[in-house]
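Asks: Mind having a look at this structure? Questions to follow.
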Amino acid sequence: MSKLLEIRGLRARIAGGREVLKGIDLDVSPGEVHAIMGPNGAGKSTLSSVLAGKPGYEVTEGTVRYLGHDLLAMPADERAREGVFLAFQYPVEIPGVNNMYFLRAALNAGRRQRGQAELDAQQFLKSVRERLKLLDIGDDLLRRAVNVGFSGGEKKRNEIFQMAMLEPRLAILDETDSGLDIDALRAVSDGVNRLRDPARAIVMITHYQRLLDYIVPDRVHVLADGRIVASGDKTFAAELERTGYAHLVDAA
Amino acid sequence: MTDDSAPFREGFDQMLATVAEPVWLTFRRRAEMDRFALLGFPTRRQEAWRFTDLEPLTAAAPLPRAAAGDDPPPSPASLGPWLLPVSTHRLVLANGHVAPSLSAGPPLPDGVWLASVAETLRRRPDLLEGAFGDEGGALAALNAALFTDGVVLALAPGVILETPVEIIHHTSAAGAHARLHIALGAGSRATVVETAMGPAGDEGAEGGPAGRVASWGNTVGVVTLGAGAVLTHLHVQAEGPAACHTATVRAVLADRARYDACALITGARLSRRDMAVILAGDEAEFRLHGAYLLDGDQEATLSVRADHLGLGCDTEEVVKGVLAGASHGVFLGTLAVAPGADGADARQVNRNLLLSPTARVDTKPELEILADDVKCAHGATVGSLDEAALFYLQARGIDPETARRMLVEAFAAEAIEAAGLPDALAELAHRHLRRWLDGRGS
């Protein structure tokens, strides 16, 4: 089966600043869940930002192909409409923009791109209700402005709810587990597991092995100093738990 | 020293020679014209006008038309987009004269007087005698001297006027001086929507030399609220790009009266709205919510002064500014609490969004607190669109232009929502906001 995501020799820096990614190679196939772990400052969040097209980063070398297309040539909004989804580590509060209005605009932007008819209010609402039920989320979230006044857990659940609505081909979860208590972590993980699909790939960026107890990955990678220094299957995460990153980081 | 009143004198003398109106009014007009001659047009040398350059107006101020029939009234179709989506008591003023053919509404309930100023002077001059004067500076003086017509709304005590009063000022290629007198008796309630508009684009703009304005609407509003009376007053200023719009509003509130004002300013090459609200009685309340949204070479000033005289009065002001192109917005807000006006609670916020490096804003919040027991808070901010929010929207597939529009709309809409307007008024305000966003093309 063809690759969903192919990263080759990716080097990137913070605009006008230091190099953070120093040659990343990564292949992700449809249906796979990858975990990218590593110490602080290894470049994990930079990788997710570069893949999502966040301004403020410069790619200096390498290629990223998504479904065979040059991902880096697309602006951020086009990447999203083509099925790349970033669950933010820090979801942004947007006062005055209603969650439902925002989500419908986002959903219909993607549908237009794919040549599908836009959903009317009723169809949209039906879809929303199904997803809320699937993820076991109350509908009070929807009446509020985007992320405004949400608790940390609510924000993360809202990210997963958006993912469920937008049905991406590639979902990048950037430290989705950070700041969550155990109940919230379980709820978010359950949501992600329900969204696992043979056509969809998930890349989880995390600091803690804990998340991998709930969302069991197919592949685990260690990112250190801008490079992937070790990879393995799901048992590798448990091994890391025992040995830590230090010996891998030093070797890098 | 030049006499700024000179260009107006010929038409003024002609008008006085032809109109049939009460003698007291003729005296009043003469006194106001003399007052204007003494004051002259405001200049930037005056503190309150430091940021407002009237030069595009004063270089050759458009003169009033002598009679109602001098200009064709606006077509009903052109008014459509500006009308409330419900039944109203509508009065349309074309260049300062009420146009009966465009004005209509259901029968008025008992205890309600709603008519043109001209008709009121004929049939109920008592409602206007004594209601003139002391409305403000030079522009109000010129209005009082030259006014051609206007609207009078007077409610007897305890009368609730459910149907909104809708007043449209249509100004094209002339100087229009109209008056709005609102007097609500104790415990009465009314809703008034005032829309100032003119020909869109360049149509009808006779186009003076570059940089000058082709039309000038100069209105004065006199609001008197009796004890416990409530007035909701939405002002939409959507004049064309060659227009100048100036307005002076003076409101006096008795005990427990409430004045809910909302101002949405998007039109005119040059505009200024001066509001002076006197909370004279105890526990009176004043709310001002609004926004100015400007683009191109537009300049707009919103100036508001709230004077707390009574005990335990309450003022809340939330004003947003959106400045694009090379536009210039000015907010002047003074909260004043007189000696002994204890228990005052006054809050004022002015937030501005600059959408271009050449846009400009001046914001000047001021407190004049002469009482001891007061709560006053004010704040002003100037910023640009939140980059993090822009990226968040784009990361969900929303294109940059739509994302910017969503954020600007949300920013300005907050002021409308905070106003808590009745549904029909809120719809008109939001429709107007979207119209501005559509026209701008981001």
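Only the coordinates and a few stated rules stand behind these numbers; no lab work does. What you are looking at is a predicted structure, and each value in this text was computed from that prediction instead of being measured. No Cβ is skipped: glycine too gets one built from the backbone with ideal geometry, and neighbour counts run over all protein chains shown.
Asks: For helix A:121-135, what angle does its Cα long axis make with the longest principal axis of chain A, in degrees from 0 to 90 and rounded to 10?
Replies: On a 0 to 90 degree scale, this one is about 50.
Asks: Determine the distance separating the Cα centre of the range B:253-276 from the Cα centre of the range B:116-148; give it in Å without decimals.
Replies: For the range B:253-276 versus the range B:116-148, the Cα centre distance is 19 Å.
Asks: Can you list the lysines whose alpha carbon sits under 23 Å from that of B:K375, skipping same-chain ones fewer than 8 residues off?
Replies: Those lysines meeting the cut-off are B:K320, B:K364.
Asks: Right, something else. What size of dipole, in debye to the nearest 20, comes out for chain A about its Cα centre when the only charges are +1 on Lys and Arg C-beta atoms and -1 on Asp and Glu C-beta atoms?
Replies: I would put it at about 500 debye.
Asks: Evaluate E = 1/(1 + (r/R0)^6) for B:A20 and B:A418, where r is the Cβ-Cβ distance and R0 equals 56 Å; express this FRET efficiency to the nearest 0.05.
Replies: So, using R0 = 56 Å, E works out to roughly 0.75.
Asks: Between rounded, prolate and oblate, where does the range A:57-196 land on the alpha carbon gyration tensor, with a ≥ b ≥ c its root eigenvalues, rounded for a/c under 1.5, else prolate if a/b exceeds b/c?
Replies: oblate
Asks: Right, something else. With r as the distance between the Cβ atoms of B:E55 and B:A388 and R0 = 51 Å, compute the FRET efficiency 1/(1 + (r/R0)^6) and round to 0.05.
Replies: 0.80
Asks: Using DSSP loop states and a limit of at most 16 other Cβ atoms within 10 Å to flag trypsin sites (Lys or Arg not before Pro), what is the longest stretch of chain B containing no flagged site?
Replies: Longest gap between qualifying sites, sites excluded: B:51-442.
Asks: Can you tell me the length gained on complete extension of the stretch A:D70 to A:E58, counting 0.36 nm per residue apart and subtracting the Cα distance?
Replies: Gain in length upon complete extension: 2.8 nm.
Asks: Assign one of three labels to chain B, namely rounded, prolate or oblate, based on the Cα gyration tensor with a ≥ b ≥ c the square roots of its eigenvalues; rounded applies when a/c is under 1.5, prolate when it is not and a/b is larger than b/c, and oblate otherwise.
Replies: Rounded, because the longest to shortest axis ratio a/c is under 1.5.
Asks: In degrees, nearest 10, range 0 to 90: what is the angle between the Cα axis of helix A:182-194 and the longest Cα principal axis of chain A?
Replies: Compared with the principal axis, the helix lies near 80 degrees.
Asks: Shape verdict for the range A:179-232, please, from the Cα gyration tensor: rounded (a/c under 1.5), prolate (a/b greater than b/c) or oblate.
Replies: Oblate shape, in that a/c is at least 1.5 and b/c is the bigger or equal ratio.
Asks: OK, next. So which aspartates and glutamates pass the test for A:K234, namely a Cα distance under 17 Å, with those fewer than 8 places away in the same chain ruled out?
Replies: Straight-distance partners of A:K234: A:D27, A:E32, A:D213, A:D218.
Asks: May I ask you to derive the relative contact order of chain B, considering only C-alpha pairs under 8 Å and at least 6 residues apart, and to give it as an integer percent?
Replies: 10
Asks: Helix-derived [θ] at 222 nm for chain A: sum -39500 (n - 2.57) over DSSP H runs of at least 4, divide by residue count, nearest 500?
Replies: After summing the helix terms and dividing by the residues of chain A, the value is -11500 deg cm²/dmol.
Asks: Return a whole-number percent for the relative contact order of the range B:1-151, with Cα pairs under 8 Å and 6 or more residues apart as the contact set.
Replies: Relative contact order of the range B:1-151: 32 percent.
Asks: Here is a further query. Which helices, counted as full DSSP H runs in chain B, have an axial Cα extent of no less than 15 Å and a Kyte-Doolittle average of -0.5 or above?
Replies: B:6-18, B:23-39, B:400-419
Asks: Once both labels are modelled 7 Å past Cα along the beta-carbon direction, what's the A:D225-A:A117 spacing in nm?
Replies: 5.8
Asks: Roughly how many debye, to the nearest 20, is the charge dipole of the range A:164-252 about its Cα centre, given +1 on each Lys and Arg Cβ, -1 on each Asp and Glu Cβ, and no other charges?
Replies: The dipole magnitude comes to about 280 debye.
Asks: I would also like to ask the following. Picking from B:G130, B:G217, B:G105, which is most flexible by a Gaussian network model of chain B using Cα springs under 10 Å?
Replies: Looking only at B:G130, B:G217, B:G105, the largest GNM fluctuation is found for B:G130.
Asks: Next up: How high is the relative contact order of chain A, given as a whole-number percent (alpha carbon pairs under 8 Å, six or more residues apart)?
Replies: 28
Asks: Across peptide B:314-321, how many C-beta atoms of other chains are within 10 Å of each residue C-beta, on average?
Replies: 0
Asks: Can you put A:Y208, A:Y66 in order of Cβ neighbours within 10 angstrom, beginning with the fewest?
Replies: A:Y208, A:Y66
Asks: Taking R0 as 25 Å, what's the FRET efficiency between A:S151 and A:R242 from their Cβ-Cβ distance, rounded to 0.05?
Replies: After rounding, the FRET efficiency stands at 0.15.
Asks: A follow-up question, please. From other protein chains only, count the Cβ atoms within 10 Å of every residue's Cβ in A:82-90, then give the mean.
Replies: 2
Asks: Considering only DSSP beta bridges where both residues belong to the protein assembly as shown, give the percentage that are antiparallel (nearest 5).
Replies: 15
Asks: If you take every DSSP beta bridge fully contained in chain B, what fraction is antiparallel? Give it as a percent rounded to 5.
Replies: 5
Asks: Can you give the mean number of other chain Cβ atoms that lie within 10 Å of the Cβ atoms in peptide A:101-107?
Replies: 4
Asks: Something else now. In the range A:25-164, how many lysine pairs have Cα atoms under 20 Å apart, counting only pairs 8 or more places apart or on different chains?
Replies: Lysine pairs meeting the criterion: 6.
Asks: I want to verify a result. In a Gaussian network model of chain B, Cα cutoff 10 Å, which of these has the top mean-square fluctuation: B:D345, B:D307, B:D126?
Replies: B:D126
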